[in-house]
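Trainee: What follows is a single structure, and I will ask about it in a moment.
The values are calculated or read from the model by the stated rules, or taken from the named source; none is laboratory data. These figures come from a predicted structure and were not determined experimentally. Ligands, DNA and RNA are stripped out before the accessible areas are found, and what is left, the full protein with its side chains, is counted by its heavy atoms. Shrake-Rupley method; radii C 1.70, N 1.55, O 1.52, S 1.80 Å.
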Amino acid sequence: MGIFSQMELDFDLEIVEDFMTHYGIMCESMEPLIIGLSKQGLYEENIGELFRIFHNIKSAAGFVRLDPIIKLASLGEEVVEEARLLKGPASEAFIDWLLLTSDQFASYRQDIENDAPYFSMLNPLIIKVPFELEKN
């Protein structure tokens, strides 16, 4: 039994469909926000929106009990919360890390949509959170 099939067994179909729709929208909106962090004028708004996305993903995945997504969103939320205290623009290392994180969320989305038996392995580079979040 795959991830999607298990969700259908555990939850009402409307809840599963709502999760997939909102998760998909959040996954698709990340990349332009991340790229915009390199611009001083977009930094504050984009970092705030990324924080909200990570927070919403964490909450939604928590409701449907998708632990790998919860853990990744929690890590993203923590790092972005720290970055919200900065003025920007973001360092290249931070942008690259966020793009890796975004790709991982997209991979998890594919796992669910393809009804994979397990979530894809976490990209090990995500564990290496960059030290410098802001461009010097």
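Trainee: Going by a ≥ b ≥ c, the root eigenvalues of the Cα gyration tensor, does segment 1-49 fall in the rounded group (a/c under 1.5), the prolate group (a/b larger than b/c) or the oblate group?
Mentor: Working: a/c = 5.14, a/b = 3.50, b/c = 1.47.
The shape class here is prolate.
Trainee: Per residue, how large is the accessible surface of segment 86-136? Use a 1.4 angstrom probe and give square angstrom. The partial results should precede the final answer.
Mentor: On the way: 3080 Å² over 51 residues.
Accessible area per residue, segment 86-136: 60 Å².
Trainee: Around Glu134, which amide H atoms from residues at least 5 apart in sequence, or from another chain, sit under 5 Å from its own amide H, with H modelled in the peptide plane?
Mentor: Amide H neighbours of Glu134, under 5 Å, 5+ apart: Ser91.
Trainee: Which pairs break 25 Å Cα to Cα here: Lys58/Lys128; Lys87/Lys128; Lys71/Lys128? If you can, show how the numbers build up before the last one.
Mentor: Numbers: Lys58/Lys128 20 Å; Lys87/Lys128 22 Å; Lys71/Lys128 15 Å.
Listed pairs above 25 Å: none.
Trainee: Moving on to the next point. Assign one of three labels to segment 54-121, namely rounded, prolate or oblate, based on the Cα gyration tensor with a ≥ b ≥ c the square roots of its eigenvalues; rounded applies when a/c is under 1.5, prolate when it is not and a/b is larger than b/c, and oblate otherwise. Can you show the working numbers first?
Mentor: Numbers: a/c = 3.40, a/b = 1.75, b/c = 1.95.
Taking the square roots of the gyration eigenvalues as a ≥ b ≥ c, segment 54-121 is oblate.
Trainee: Which one is right for this structure if Cα Rg over 2.2 N^0.38 Å is calculated from it: (i) 1.85; (ii) 1.07; (iii) 0.97?
Mentor: Working out Cα Rg over 2.2 N^0.38 Å from the coordinates points to (ii).
Trainee: Now for a separate question. Kindly report the accessible area of segment 1-67 per residue (heavy atoms of protein chains, probe 1.4 Å, no ligands, DNA or RNA), in Å². Mind dumping the intermediate values first?
Mentor: Details: 3680 Å² over 67 residues.
It amounts to 55 Å² per residue over segment 1-67.
Trainee: Considering only protein heavy atoms and a probe of 1.4 Å, how much of the accessible area of the chain is carbon and sulfur, as a whole percent?
Mentor: 55
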